[in-house]
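Contents: one structure, followed by commentary.
The values are calculated or read from the model by the stated rules, or taken from the named source; none is laboratory data. Not measured: the values here are computed from a predicted model. With ideal geometry, Cβ positions are generated from the backbone for all residues, glycine too; neighbour counts draw on all protein chains shown. Calculation scope for accessible area: heavy atoms of the full protein, side chains included, ligands and nucleic acids excluded. Shrake-Rupley method; radii C 1.70, N 1.55, O 1.52, S 1.80 Å.
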Amino acid sequence: MSDPDAEPPFSFLVGGGEMARRIREFDWSRTALGPPDGWPQSLRSALSICLGCGFPIAIYWGRDLALVYNDAWSPIPAAKHPWALGHPAHEVWPEIWEDIAPLFAQVQSTGEAVRRSDQLLPMHRRGFTEECYFDFTFSPIHDESGHVAGIFNAAIETTARVLAERRARLLRDLAAGTLDAPTPAAVAHAAALAFEEHRNDLPFTLLYLVEADGTARLAAGSGLSDAAFARVPQSCDPRGAGTPFRFLEAGQRAEGEGLLLGKEGLAVFGEAVAGSPWPHAVERVVVHVLPRAGGEGPAGFFIAGVSPRLAWDEEYSGAVAQAARGVATALHRARAHAAERERAEKLAEIDRAKTAFFSNVSHEFRTPLTLLLGPLEEIVNTRNGHIFDESRELATVAHRNALRLLRLVNTLLDFSRMEAGRARAHFAPTDLAAFTAELASSFRSAMEKAGLRFTVECPPLANAFHIDREMWEKIVFNLLSNAFKFTLRGEVGVILRPVEGGAELTVRDTGQGIPAEAQPHLFERFYRVQGMQGRSHEGSGIGLALVNELVKLHGGTLRVESVPDQGSTFIVTLPARPDAAGSGPAERPAASQAAPFVTEAFRWLPGSDEMAGSAPVEAISSPSTGPGPQFHVLLADDNADMRDYIARLLRPHFEVTAVPDGESALEAIRGAKPDLVLSDIMMPRLDGLGLLHALRGDPATATLPVILLSARAGEEARVEGVEHLSLIHI
Ligand code: ADP
């Protein structure tokens, strides 16, 4: 009944590819659209646009919404193509009909387009109901009378992007959740919490941790009912065959390659496990071994249900493998932290023991020292004929050194008290400026004798400061004693001035300076800078550590600024205590601990023994009083008492020249070549090894016998490699 003058039915389909061919050949008369020659112009126009377009487009036409689509759209119905062509929408999409029917109705009734982004449409197109996401529009196609005759559908599937973003989030949540987990058990717990939020990809999970004896123990799980979780074995031997999740087999897989199990992997639960949030049951599980970084055997096993609504493709299996890797990394980190903590605790324990040891030993030393000092003082002070001058001189040396030992022991004791938290400060309101100026003045004569300019600026402060005076003395004396020791020329300055919120004490010198790399360690106990050229090598490396602790006890801070060869500045800040302002008149106590510091400082000066009351020994030659040939010994030692003592021992037998350092020794040897050189190793200016090298390098002295003396344990190591050398421990 077709009109012979009418156009051929598909003249509007120019080209159009595979779908155009199908449309031409299709028997439309049995569909809701009817034979093509009756199709209205609006359908023809829409179809021509659809088929000419490279973008996925479909048209739903008529009351039944019969489907026509182009090549680009055909992958969307997947296995339903080409069957879907010409079928009503409700027949093509029964599984998503409740999602899309209201949208069709809305467009038909309003005549306005609708648009959706990343809309979940669980299609059944490849044999299972699949999680699919789309960006799409439904727009009306009006017929000649202005009614909505059809719906134009442009659609892009966004499933891949939505899933990729979701899986990236899963890995991020896992990493963030397990980051601070301190133990493997805490890691398992945190991981399960993170997985609980991602049941779309991981409907359920189980985590087994392998213990020291090789047993795998269930540590955490997610997504399972209590009943299902209760049926999971609590522990098993993963090396044995027949574990429910086939650990042995999973362990033989390459890293990142999970073992995929079907129903046999789910039998253990005794019930269907829902592929939450979907109603379908999980049908597959994947088992990953968690490798132990740098260790033998696995760290654990990770079991994950496979979502019944996702294709088990490379992206999905890769994401689960990454999650397993994330758990393994977190386990490794937690184990490393735990080991680190254990080590730190052990070190702290050793440190406490060391402190206790110092404390006890120092204490024990004080009694015999005090008993030595008493009688020695008596001998030194006795002015009658019972005591020979020579004995008194010896006793003076012994007394001075016993005092020094007492100071060292006291410092150690102070320090260990501080470390053990037993130091008690007795704060009293004090005129800090006057007190500090008085303490500093104790060093004036030593500074002047050393040829150093010494400036003290302590202008009066508005308020009294609450300080522990004994501690403040130790702070000032230690800093001054160091400045004196390490400054051979120039100036030492002490400044106390008010600053915002308190006062600041600065002890500045123009001495050696401290290398930048040593500065951060300066306040560590027993730390000493190597290769320093001070007035003396004596020192225990505890002074600044003690000063630092004492300053902290006052709520203050200690810092250093120093440039090598230009000098050092030590800065103590002391906060004003709020109660200090209103307290009674500040006292001006007399300095009490100055003597040991100042006496020691004098002993570092050349010709120091005059001050100390014994005979000068600088470059003194004395004729041998004993029998035998005139044998000449040159003695070099920076410690005045040690030098004096050895010279005294040798003098009856040999002619002795005593000098305080290597440079003076070289000078003396150039003047009169001795038969033997006896030299200390650690000396300022030029040390014993430097002296030895200088002598060996000069043909005139190359064969001169040299004996190096050492009082320090550990000195052997430094001397190793120097041939033909005698090292005598004294
Ligand atoms: P000690 O003086 O007994 O060795 P300290 O703790 O007082 O111990 O000092 C530690 C080290 O810091 C010293 O050995 C020295 O190397 C360095 N030092 C301290 N004060 C100064 C200073 N004013 N100038 C240069 N170096 C210094």
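For the condition among the basic types (Lys, Arg), in contact with a helix residue (DSSP H, G or I) (Cβ under 7 Å, 6 or more places away or on another chain) and either more than 8 Å from the ligand (Cβ to nearest atom) or open to solvent by 20 Å² or more (accessible area, probe 1.4 Å) (or both), what is the one hit in 508, 497, 535, 453? Of the residues listed, the single one that is among the basic types (Lys, Arg), in contact with a helix residue (DSSP H, G or I) (Cβ under 7 Å, 6 or more places away or on another chain) and either more than 8 Å from the ligand (Cβ to nearest atom) or open to solvent by 20 Å² or more (accessible area, probe 1.4 Å) (or both) is 535.
With respect to the conditions (1) more than 9 Å from the ligand (Cβ to nearest atom); (2) touching a residue at least 40 places away in the same chain (Cβ under 8 Å), residue 558 falls short on a single one, namely (2). Looking only at the stretch 456-469, filter to residues that are open to solvent by less than 20 Å² (accessible area, probe 1.4 Å) and in a strand (DSSP E or B); which one of those is nearest to the ligand (Cβ to nearest atom)? It comes out as 467. A search for C-beta distances below 8 Å between a residue of the stretch 373-396 that is on the phi < 0 side of the Ramachandran plot and any residue that is hydroxyl-bearing (Ser, Thr, Tyr) and surrounded by 12 or more Cβ atoms within 10 Å (Cβ to Cβ), counting only pairs 6+ apart in sequence or on different chains, returns 379/391; 380/396; 392/382; 393/614; 396/614. Of all the residues in the stretch 239-261, those that are in a loop (DSSP other than H, G, I, E, B), under 24 Å from residue 271 (Cα atoms) and in contact (Cβ under 8 Å) with a residue 40 or more places away in the chain number 3. If you go through the stretch 470-489 and keep only what is surrounded by fewer than 20 Cβ atoms within 10 Å (Cβ to Cβ), away from the ligand (no atom under 12 Å from the Cβ) and in contact (Cβ under 8 Å) with a residue 40 or more places away in the chain, you end up with just 470. Condition check for residue 581 on (1) modelled with pLDDT of 90 or more; (2) more than 16 Å from the ligand (Cβ to nearest atom): one failure, at (1). Among the residues of the stretch 686-717, which ones are surrounded by 16 or more Cβ atoms within 10 Å (Cβ to Cβ) and modelled with pLDDT under 85? Once the filter is applied, which keeps residues that are surrounded by 16 or more Cβ atoms within 10 Å (Cβ to Cβ) and modelled with pLDDT under 85, the stretch 686-717 yields 709, 710, 715. Of all residues in the stretch 289-304, those satisfying the criterion of being open to solvent by 10 Å² or more (accessible area, probe 1.4 Å) and assigned to a strand (DSSP E or B) are 289, 291, 298. When each of 529, 547, 551 is tested for being open to solvent by less than 20 Å² (accessible area, probe 1.4 Å) and within 8 Å of the ligand (Cβ to nearest atom), the lone residue that passes is 547. Residue 447 falls short on exactly one of the conditions (1) surrounded by 20 or more Cβ atoms within 10 Å (Cβ to Cβ); (2) within 12 Å of the ligand (Cβ to nearest atom); (3) not aromatic (Phe, Trp, Tyr), and that condition is (2).
Being more than 24 Å from residue 310 (Cα to Cα) and assigned to a strand (DSSP E or B) is the requirement here; does residue 107 meet it? No: the conditions fail for residue 107. For the stretch 305-343, a residue qualifies if it is aliphatic (A, V, I, L, M), surrounded by 18 or more Cβ atoms within 10 Å (Cβ to Cβ) and in a loop (DSSP other than H, G, I, E, B), and exactly one does: 310. Among residues that are buried (at least 20 other Cβ atoms within 10 Å of the Cβ) and at pLDDT 95 or above, residue 152 is not included. Of the residues making up the stretch 669-685, those that are open to solvent by 30 Å² or more (accessible area, probe 1.4 Å) and of a type in the set (A, V, I, L, M) are 672, 676, 682.
Once the stretch 600-612 is narrowed to residues that are open to solvent by less than 60 Å² (accessible area, probe 1.4 Å) and of a type outside the set (A, V, I, L, M, F, W, C), the residue that is modelled with the lowest pLDDT is 609.
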